[in-house]
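> Below: one structure in structure tokens.
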């Protein structure tokens, strides 16, 4: 089957004047959400798929922006005409979450209550709040029921929460490489990253915007920690191992490695160091420090079983839709065991659930990559969904 | 068998005026090493055991300092009269490594060549260099051959290197929870920790001493990362899980947990956060930032197979002593697979090697804890060694 890109796309924007009540008890008003859509909404509005994003992603799922070659959407390998999530059949929606830094209202914007930049005053947002804000977007688009909600990692948590908050508004929940809550180790990594940011003197308590600086040191360290947890130990070993840095000025992963140690504590010796520093530097150029805190906190707080005495089976009693879950064998951030907890809770409730544990070497990052078994699974599942409305 | 503490101990100090050539090509002269001994050296000097330390430890292996209640040595549970490494039979030596911050010459001392504090000018030291420096101490003590060299983690690397550098000077090598080299993931964690320190504005390129400051922010983050890798995912889950923080002012792991989120990105919500911050704070009060860089670099550089084309079996062809290796099932920093690489290389050379994979929940930290199977193993092995000289 030939597949192609969705081509040039443009973000759209919706303004919400009425206040959104948040899980914390606070509320946010006069906010904007940026979104993109791909494909066409059918006549009875039954072919819409909402795709939720994780930490470092956005509403820009697929396609490119006119004149910007390298602006490919983050899930472009999955979404497009003839691709597993086929935009010839589905109307796909990506929404940038509240508090993010890719266009929707976030900490870098003005607080209508004070006239100042929000900074650290931006309200703490949860997965629950994002789901509510997304539901309001769908209201505006006139979509009563989604064919599916899809997400990986933190996006998968949103898909799961959707199925609990709005069980009647969706027919399928597709949650990839996710977990019913963070483990202590997951929280620990988030906390170290946050400490690196918050203790950077350029953070200024979260009000760095008015000082004309960015806590880049902290953001770099935070991103480096993140990257270690996104990759499997194995793939890191295969890709980098103990390979030495390249000759001065060369790019990482190309050129001839040097064969002796430089005996330095501060210079780059190993390719893995070069890779991590490069990822950290790039990230610190565009990502917002307050957004990093907000999103990692949303991850920490996600725990739908909490309101049900920690009982995940009771939690999913209110679910109505069908489920597809997938995990990756080498993912040590959200291991298959975490997905199995969800599958068990769904089976306890006799829900229709498909589950695949995919043997892929790439760790948590696998959910973003084009693995044939993984994409084959999603393709087959979306074909099954498409039959429901084309039949 | 009744066991007791070695009681009050005192560190001793040796000065070395002649230069020690280092692996990097540099050398260090007029340096001092601090050490402690426990038990009595027998008449033919055949009962000496050298114990090598890891990152955050020192020559102070066992016992306490007079008048200092909480000054127990870091391996006090293992070393003492009637303990697995029985000081009624063995003469045990602990030496603080060059570049460390517990009394031996390090970056916080004066460089005799310049009259300035070394700071970032302290030469890069390797496991190889530490072993050479330790051998010089033994020369001064008149010990020609050690009954054993023992170490865990980075200490295990020194024990292994001893058996390659000075095969005739030891009869047994006991290497616990160690590896023949760091993996890419191991190096990655070290690198993030180093970046946190080096990019702390209070680091001043390693010359912070003259500015009267300490890069505490970086040290805190470095230590937090370290702690995550020392504990197993499982033990973190059992110990902390998603338990909430205690009421204001209470110490970690005591008191009544609060049962609602505070919805804050910067305050402590979970006990694991409180634990990590506490560990980071403590560490930043006493550990030297340049020492942290030096020691993590020594870990990165350790790779004895490097001079043998990466062939670990060829590397161990020069070994002569008997070996005991032990690893812990839940150690994801230096997993059992890494110890097995060493065992295989020794078996390829038909060496006498004992190996135990101990089912303990504590991760890498297990090597410091008093697990009955682990301590039983060491006790039995040291009893076997004791027979060699008491017979």
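> Could you state the number of Å between the C-alpha centres of the stretch A:67-89 and the stretch B:67-82?
63 Å
> Here's something else I'd like to know. As an exercise, use a Förster radius of 22 Å and the Cβ-Cβ distance of residue B:278 and residue B:370 to find the FRET efficiency, rounded to the nearest 0.05.
On the way: r = 23 Å, r/R0 = 1.03.
Rounded to the nearest 0.05, the efficiency is 0.45.
> Run lengths n ≥ 4 of DSSP H only: what is the helix-derived mean residue ellipticity at 222 nm for the protein assembly as shown, with -39500 (n - 2.57) per run over all residues, to the nearest 500?
Values: 20 runs with 258 residues, N = 782.
Helices in the protein assembly as shown give a 222 nm mean residue ellipticity of -10500 deg cm²/dmol.
> When the label point is put 7 Å from the Cα of residue B:44 along its Cα-to-beta-carbon vector, which residues of the stretch B:78-116 have a backbone N closer than 16 Å?
Only B:90-91 fall inside the zone, counting backbone N under 16 Å.
> Starting from a label point 7 Å past Cα on the Cβ side, list the distances from residue B:341 to the same position in the other copies, nm, shortest first.
Label point to label point, same position, other copies: 3.2 nm.
> Sort A:170-179, A:262-271 by the packing proxy (mean of other Cβ within 10 Å over each peptide's residues), most packed first.
Sorting A:170-179, A:262-271 by mean packing, highest first, produces A:170-179, A:262-271.
> OK, next. Given labels modelled 7 Å from the Cα in the Cβ direction, how far is it in nm from residue A:114 to residue A:341?
3.6 nm
> If you take every DSSP beta bridge whose two residues both sit in the stretch B:74-198, what share of them, in percent to the nearest 5, is antiparallel? Before the final figure, lay out each step's value.
On the way: 1 of 9 bridges.
Expressed as a percentage, antiparallel bridges in the stretch B:74-198 total about 10.
> Please arrange A:321, A:52 by counting, for each residue, the other beta carbons lying within 10 Å of its beta carbon, fewest first. Could the numbers behind the result be given before it?
Numbers: A:321 22, A:52 28.
Sorted ascending by nearby Cβ count, the order is A:321, A:52.
> Oh, and also: Hey, how many Å between the Cα centroid of the stretch B:287-348 and the Cα centroid of the stretch A:129-197?
43 Å
> Oh, and also: What shape does the stretch B:152-204 take by its C-alpha gyration tensor, where a ≥ b ≥ c are the square roots of the eigenvalues and a/c under 1.5 counts as rounded, a/b above b/c as prolate, and the rest as oblate?
prolate
> Still on this structure: What's the FRET efficiency of residue A:387 with residue A:29 using the Cβ-Cβ distance as r and R₀ = 51 Å, to the nearest 0.05?
Computed FRET efficiency for residue A:387 and residue A:29: 0.75.
> Antiparallel versus total DSSP beta bridges in chain B: what percent is that, nearest 5? Working shown, then result.
Working: 15 of 43 bridges.
About 35 percent, rounded to the nearest 5.
> Oh, and also: Let me know the mean shielding of A:177-187 by other chains, meaning the per-residue number of their Cβ atoms within 10 Å of its Cβ.
Per-residue shielding by partner chains comes out at 5.
> Taking the mean number of other Cβ atoms within 10 Å as a proxy for protection, how do you rank A:296-304, A:105-113, B:381-389, B:157-165 from highest to lowest?
Ranking, from highest mean packing down: B:157-165, A:296-304, A:105-113, B:381-389.
> Considering only the label points, 7 Å along Cα→Cβ from Cα, what distances in nm to one decimal separate residue A:388 from the same position in each other copy, shortest first?
Spacings between copies for this position, smallest first, are 7.1 nm.
> With each label point set 7 Å from Cα along the Cα-Cβ vector, what nm distance links residue B:350 and residue B:243?
5.5 nm
> By per-residue mean of other Cβ atoms within 10 Å, what is the highest-first order of B:350-356, A:139-145?
On the way: B:350-356: 15.3, A:139-145: 13.6.
Result, highest mean first: B:350-356, A:139-145.
> Further question on the same structure: Sketch the reach of a paramagnetic label on residue A:8 as a point 7 Å from Cα along Cα-to-Cβ, and name the residues of the stretch A:36-51 whose backbone nitrogen lies under 19 Å away.
Counting only backbone N, you get A:36-40.
> From the label point of residue B:21, set 7 Å from Cα along Cα→Cβ, how far away are the matching label points in the other copies, in nm, ordered shortest to longest?
7.8
> Ok, one more. Pull up the DSSP beta bridges for the stretch B:1-123 and report the antiparallel fraction as a percent, rounded to 5. Present the calculation step by step, with values, prior to reporting the outcome.
Values: 13 of 20 bridges.
Percent antiparallel among DSSP bridges in the stretch B:1-123 is about 65.
> Under a plain spin-label model, where a point goes 7 Å from the Cα along Cα-to-Cβ, how far apart in nm are residue B:380 and residue A:264?
It works out to 5.0 nm between the two label points.
> Report, as an integer, the average count of C-beta atoms from other chains found within 10 Å of each Cβ along A:106-112.
Per residue, the number of nearby Cβ atoms from other chains is 0 on average.
Bear in mind these aren't lab numbers, they're just calculated from the coordinates by the rules spelled out. All values reported here derive from a predicted model rather than from experimental measurement. All Cβ positions, glycine included, derive from the backbone under ideal geometry; neighbour counts span all protein chains shown.
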